[in-house]
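Let me begin by presenting the structure, written as C-alpha cells, before commenting on it.
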Amino acid sequence: MSTAMSYQSIYSFVSHQSSTSSQSSRQPLLLPTKCLKIDSSLCYYTSRRKRNLSKIEATASQNNEAALILIRHGESLWNAKNLFTGCVDVPLTEKGIEEAIEAGKRISNIPIDVIFTSSLIRAQMTAMLAMIQHCRKKVPIILHNESDQAKSWSQVFSEETKDQSVPVIPAWQLNERMYGELQGLNKQETAERYGKQQVHEWRRSYDIPPPEGESLEMCAERAVAYFVENIEPKLAAGKNVMVAAHGNSLRSIIMYLDKLTCKEVISLELSTSIPLLYIFKDGKFMKRGSPVGPTEAGVYAYTKAEAGR
Ligand SMILES: O=C(O)[C@@H](CO)OP(=O)(O)O
C-alpha cells in the first residue's frame, strides 16, 4: 500500500471492514502464530478495564451514554516533508491548521466535556483549533499538572468561568509511537535504502519495531493502558470526550475499541484531522463513523452504514 494511497482513504480499514474482497486482497505481513499475541493483549486490557469499570460503576450511573471523538492531528511540517516524525515535536502546517478548523466544524454540535491530547504540539494545536469552531464557545484550557507550582499557578477562581471552559489534559502516553533511528529520515529514501517491504513492516506491523523504536504493540502498552485507566472512566461517568493524538497511538486505541487482530490493524490507516465518533453505552463502544458536519440532525452524527451495527 503506497503512502499516497493510504492517506487518501479515511479510516480505510473500517469502511471496508465488511467487504470480503478487500479483506482477501490485503497482504498480512505477520505469521498467523504471532497474531495470537493480540488475543492475550486484548484479554489483558479487557480485564484491566473490567476492574476499572466496576470501581466506577459504584459511583456513576451505568446507563450513561457518552460520545468519544478521536482525532489525528492535522498535517505537520514533517508530514509535508515526508519525514518520520514519531516523538519529535513539530507544529502544524498551514494546511494542517485548516484541516483542524474543518474538523472542528464537523464536530461543532457535539458537546465536549473534556479533552485529552498527547504532549506534542501538533495534537494540541489540532484540539485547540477545532474547539474554536465549537458552537458552545467554551474555552479549552490546558491543565498544567507537571508540578505542584504549575498546578497552583494555573488555578481558576470563578465557578462561572470554569463552567465556560473545557479542561484539556495532556498525556505523554498518547504521544506518537517513538520511531527510533528513523526519526527525521525521509520515508521515500528509507524505503529505497531498506526496501519497501521492510519499511512497511516497520510502519504498519503490530510487533516489529523500527530500529531502536517502538512497535505498535509497545505503543499500545502505554496508550491503551492510559485510555483504560483515564479516559474510559470519564465516558462511563457520562462525559463526552475528545482525544487528539497521532496516527499510531490512535491506531492502537482503535485496535482495542474495535477488537482488531494484529493482521487487521496493518490495514488501518487514519487520515489527518478526520474526527471519528464512538458512542459509549452500557459498557460498550459503538462506532459511528465520521461526523459529516454541524447540520446533521441530532447531537450524534453517524453514518447510516454504521448506525445499524
Ligand atoms: O512519521 C510518523 O510519526 C508517522 C505519522 O506521520 O508516520 P507513519 O505514517 O509511518 O505512521
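On inspection, residue 266 passes the criterion of being of a type in the set (Val, Ile, Thr) and over 14 Å from the mean Cα position of the chain (by Cα).
Scanning region 66-88 for residues that are surrounded by 17 or more Cβ atoms within 10 Å (Cβ to Cβ), under 15 Å from residue 121 (Cα atoms) and not β-branched (Val, Ile, Thr) gives 72, 73, 74, 75, 76, 78, 79, 86, 87. Go through region 92-117 and give me each residue that's assigned to a loop (DSSP other than H, G, I, E, B) and within 14 Å of the ligand (Cβ to nearest atom). 93, the sole residue that qualifies. Taking first residues from region 234-245 that are at negative phi and partners that are of a type in the set (Ser, Thr, Tyr) and modelled with pLDDT of 95 or more, the Cβ contacts under 8 Å between residues at least 6 apart in sequence or on separate chains come to 243/117; 244/117; 244/118; 244/126; 245/117; 245/118.
Please find, among 286, 242, the residue that is in a strand (DSSP E or B), surrounded by 23 or more Cβ atoms within 10 Å (Cβ to Cβ) and either within 16 Å of the ligand (Cβ to nearest atom) or not acidic (Asp, Glu) (or both). Even if it seems obvious, please write down each step before you answer.
On the way: 286 fails: surrounded by 23 or more Cβ atoms within 10 Å (Cβ to Cβ).
None of the other options fit; the residue is 242.
Just for region 198-220: of the residues that are in contact (Cβ under 8 Å) with a residue 24 or more places away in the chain and in a helix (DSSP H, G or I), which one is surrounded by the fewest Cβ atoms within 10 Å (Cβ to Cβ)? Here the answer is 218.
Filter region 153-180 down to the residues that are closer than 28 Å to residue 227 by Cβ and in a helix (DSSP H, G or I), then identify the one that is nearest to the ligand (Cβ to nearest atom). Residue satisfying both the conditions and the ranking: 180. Checking the stated criteria, residue 223 turns out to be open to solvent by less than 30 Å² (accessible area, probe 1.4 Å) and within 15 Å of the ligand (Cβ to nearest atom).
Mind counting the residues in region 166-190 that are open to solvent by less than 20 Å² (accessible area, probe 1.4 Å) and of a type in the set (Gly, Ala, Ser)?
Within region 166-190, the first condition is being open to solvent by less than 20 Å² (accessible area, probe 1.4 Å), and the residues that meet it are 166, 168, 171, 174-177, 179-180, 182, 190.
Filter once more, keeping what is of a type in the set (Gly, Ala, Ser): 171, 180.
The total comes to 2.
The values are calculated or read from the model by the stated rules, or taken from the named source; none is laboratory data. Treat the numbers as computed from the prediction; the structure is a model and nothing was measured. Virtual Cβ from ideal backbone geometry, glycine too; neighbours counted across all protein chains shown. For the accessible areas, the whole protein counts, side chains as well, though only heavy atoms, and no ligand, DNA or RNA atoms are used. Shrake-Rupley method; radii C 1.70, N 1.55, O 1.52, S 1.80 Å.
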